[in-house]
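This report concerns only the one structure given below.
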Amino acid sequence: MSSVARSIVGMRDLWHPLVLSRSLTTSAATHQVTAAGAAAAAAEKRNLEPRPVSEVPGPRVLPFLGSLHSMIFNRSFNSSNIHLYFKKLIEDYGPIVKFVAPFTPPMVFVANPYDAETLVRATMDNPIRNSFESFKKIRKDAVDNYFENKTGILTENGEEWWRVRSQVQTSMMRVKEVVAYLPVMDQISLEFMDRIASLQSQFGEMPSDFQNEMYKWALESVGSVALNRRLGCLDPNIAPDSEPMRMISHANEFFTALNDAEFSAHLWEVFPTPTFRKLKKTHQEFLVIADKNIRETEAALLAQEPSDDQELTLMEGLLLKPGLSRKDVVTLILDMLFAGIDTTSHTLGFVLYLLARNPEVQTRLQEEVDTVLGDHKGPLTHHHLAKLHYLKAVIKESMRLLPTVLGITRTLDKELVISGYLIPKGWSVMTLSMMMGWDESLFPQAKEFLPERWLRNKSLGTIHPYATFPFGAGTRMCIGRRIAEQEMYTFLARVMQRFTVDYKYEDIELIFRLVLNSERPLKFSFTERR
Ligand code: HEM
């Protein structure tokens, strides 16, 4: 690490009140030279020594059940409202909580930015995420060993994860590469606006399955990057049994089965339970359609006349990378499709809901969009996006208040001191972003939707960089972040340019199904502005 980097890290560490008080007391102790001083220093050193993990607060750990009793014997909790269980843990035990369950690594939940930062920094060189073991198993067990014993960057760890990640992250995260997809993303959003207008005139509001429409937009958008082609999800006459519609329903069923497999007893490790079989079947069906699309895209690329001045698309670039096999690329494309549907579509559902509930924010956003775009019908450019500061703040604030992802998890490959406790190697630590986002001490007026807190002048005070990080952080942060952000900026700019959104029903409740979403149908009404 360069001396500059080292000093930046050192300065950052001083923000931590624990570290700060520790370093002050330590330096005071070293100046004690008398016997009494030495005794005091020794006593102080004992106090400063990290406390054992057994002292981390949390539900009582019982033989066999561990801490699980606090969840399973409490009728108010189930796998679809696990976020409420986490909230209760933090309320009852404070910002660091221990949770031990049979058959999985013991865990610590943290809900403060200092611990989140410590965790991310300490795991930069080996960010292990032990999750989705059932997902991993179906790829390992795939027909004809399709995945060649590899499971893709979502689920791999260690060297195999880094082998792929290091090859693909520059292409996927470089602004220049992602901006190349802006015209197609914009076109998709414009078509989706026509779809909204048509649904509005047909039903007088959005139908109960509007979320399904949002899935279509999301699959069409991420597919335009991952598969390098339009899938046709937004065709108004699309047949329910068409390939894109089947992809959406398989992805949906897959997520439901994955949620059930991960948040229940892992019996599928011993025999193929009905949930596991469903997971396998939906993954296989999704794979067959995706593989066919990938083959068609490859054939179209091969048929093109090579041209020197033509930039390679993401998929072409990846297929040509010497360090990646075709199967690596196919697996990555599948992961992009799986990770890129629910996340962006539910996030935008929340953004629209919060705008409808906060008309003054919506008006300010429309004013910004009017200033930057007016009734510009031509393509959106990155110059437009660069000027939409309030729009980006709206999305950030929405992700703070109604996040889709609960937090990030890292399994420790060496012991780590967090909040003064020594967490052993092999334990998992999960940051609870949602609890931090709702913490009044980190976000004044935390319950309110105030996008201006993210603007440059930080009118509501500075924000700790680890107080909310919806895309994760460090070397393993969301690799689709730039793609997701560009999709969401484009969608929101186009929707605000054309419509005012309203929501006339009761407040939504959150439901957890791998990502958080609304348990109520988002029956928005859209009014044309011009
Ligand atoms: C609002 C949208 C999205 C959110 C909030 C989100 C959030 C996240 C988070 C929190 C992680 C884990 C990061 C960590 O462990 O530090 C992640 C990983 C990942 N995301 Fe996203 N994501 C979004 C959209 C997307 C999209 C559109 C794609 C595909 C283009 C994508 C692809 C992935 C992949 C492949 C990983 C695994 C990366 C790895 O482990 O190396 N995500 N995402």
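Throw me the Rg/Rh for the stretch 361-473, computed over C-alpha atoms with Kirkwood Rh, two decimals. A ratio of 1.11.
Per-residue 3J(HN,Hα) values for the stretch 221-233, derived from phi via the Karplus relation 6.51 cos²θ - 1.76 cosθ + 1.60 with θ = phi - 60°, read 5, 6, x, 5, 8, 5, 9, 6, 7, 7, 8, x, 4 Hz in sequence order (x marks Gly and Pro). Dividing the alpha-carbon radius of gyration of the stretch 318-365 by the rule-of-thumb value 2.2 N^0.38 Å gives 1.92.
Is there a quick way to get the dipole size of the stretch 179-248? I mean about its Cα centre, with the Cβ of Lys and Arg at +1 and of Asp and Glu at -1; what is the value in debye to the nearest 20? All intermediate terms of the calculation are to be shown ahead of the outcome.
Working: 5 positive and 10 negative charges, 42 e Å.
That gives a dipole near 200 debye.
Mean 1/r over all different Cα pairs, inverted: what Kirkwood radius does the chain give, in Å? Result for the chain, one decimal place: 25.1 Å.
Which GluC sites (Glu not before Pro) in the stretch 225-333 sit in a loop by DSSP (not H, G, I, E or B) and have at most 11 other Cβ atoms within 10 Å of their own Cβ? Walk me through the numbers before you get to the answer.
Working: sites: E253, E262, E269, E285, E296, E298, E311, E316; in loops: E311.
Here the sparse-neighbourhood loop sites are E311.
Distance between the 7 Å Cα→Cβ label points at L48 and T363: 5.6 nm. One equal scatterer on each Cα of the stretch 225-317, no solvent, Debye formula: the resulting log10 I(q)/I(0) at q = 0.15, 0.23 Å⁻¹ is -0.74, -1.11.
Taking the 0 to 90 degree range and rounding to the nearest ten, how far is the long axis of helix 389-401 tilted relative to the main principal axis of the chain, both from C-alpha atoms? Tilt of helix 389-401: around 60 degrees. Taking trypsin sites (Lys or Arg not before Pro) across the stretch 94-171, none is in a DSSP loop with at most 10 further Cβ atoms lying within 10 angstrom of its Cβ. Using the Karplus relation 6.51 cos²θ - 1.76 cosθ + 1.60 with θ = phi - 60°, the per-residue 3J(HN,Hα) values for the stretch 431-439 come to 8, 9, 4, 4, 5, 5, x, 9, 7 Hz, with x marking Gly and Pro. Seen from every direction in turn and averaged, the convex hull around the alpha carbons of the stretch 77-173 projects onto 8.8 nm².
Relative contact order of the chain: 23 percent, from C-alpha pairs under 8 Å at least 6 residues apart in sequence.
Taking all pairs of distinct Cα atoms, average 1/r, flip it, and tell me the Kirkwood hydrodynamic radius of the stretch 219-269 in Å to one decimal place. Before the final figure, lay out the partial values.
Details: mean 1/r = 0.0787 Å⁻¹.
Over the stretch 219-269, the inverse of the mean reciprocal pair distance is 12.7 Å.
Among the chymotrypsin sites (Phe, Trp or Tyr not before Pro) in the stretch 60-96, those located in a DSSP loop and surrounded by at most 15 other Cβ atoms within 10 Å of their own Cβ are F64, F73. Rounded to the nearest 20 debye, the dipole magnitude of the stretch 96-219 is 400 debye, with +1 charges on Lys and Arg beta carbons, -1 on Asp and Glu beta carbons, and the Cα centre as origin.
Ellipsoid semi-axes for the stretch 311-408, based on the Cα gyration tensor and the rule √(5λ), read 33, 21, 10 Å when sorted largest first. Estimated from helices alone, the mean residue ellipticity of the chain at 222 nm is -16500 deg cm²/dmol (sum of -39500 (n - 2.57) over DSSP H runs with n ≥ 4, per residue). Placing unit charges on the Cβ atoms of the charged side chains and taking the dipole of the stretch 361-495 about its Cα centre, the candidate lying farthest along the positive direction among L416, P444, L401 is L416. Surface composition of the chain: carbon and sulfur atoms hold 58% of the protein heavy-atom accessible area at a 1.4 Å probe. Counting only the Cα atoms, the stretch 197-238 fills a convex hull of 65 Å³ per residue.
Taking amide hydrogens as placed 1.01 Å from N in the peptide plane, the amide H of S67 sits under 5 Å from those of L62, V100, A101, each at least 5 positions away in sequence or on another chain.
Based on alpha-carbon atoms only, what is the radius of gyration of the stretch 124-275 relative to the globular estimate 2.2 N^0.38 Å? Show your work: numbers first, answer last.
Numbers: Rg = 19.0 Å, N = 152, 2.2 N^0.38 = 14.8 Å.
Dividing the Cα Rg of the stretch 124-275 by 2.2 N^0.38 Å gives 1.28.
The values are calculated or read from the model by the stated rules, or taken from the named source; none is laboratory data. This is a predicted model, so every value here is computed, not measured. Backbone-built Cβ (ideal geometry, glycine too); neighbour counts: all protein chains shown. Calculation scope for accessible area: heavy atoms of the full protein, side chains included, ligands and nucleic acids excluded. Shrake-Rupley method; radii C 1.70, N 1.55, O 1.52, S 1.80 Å.
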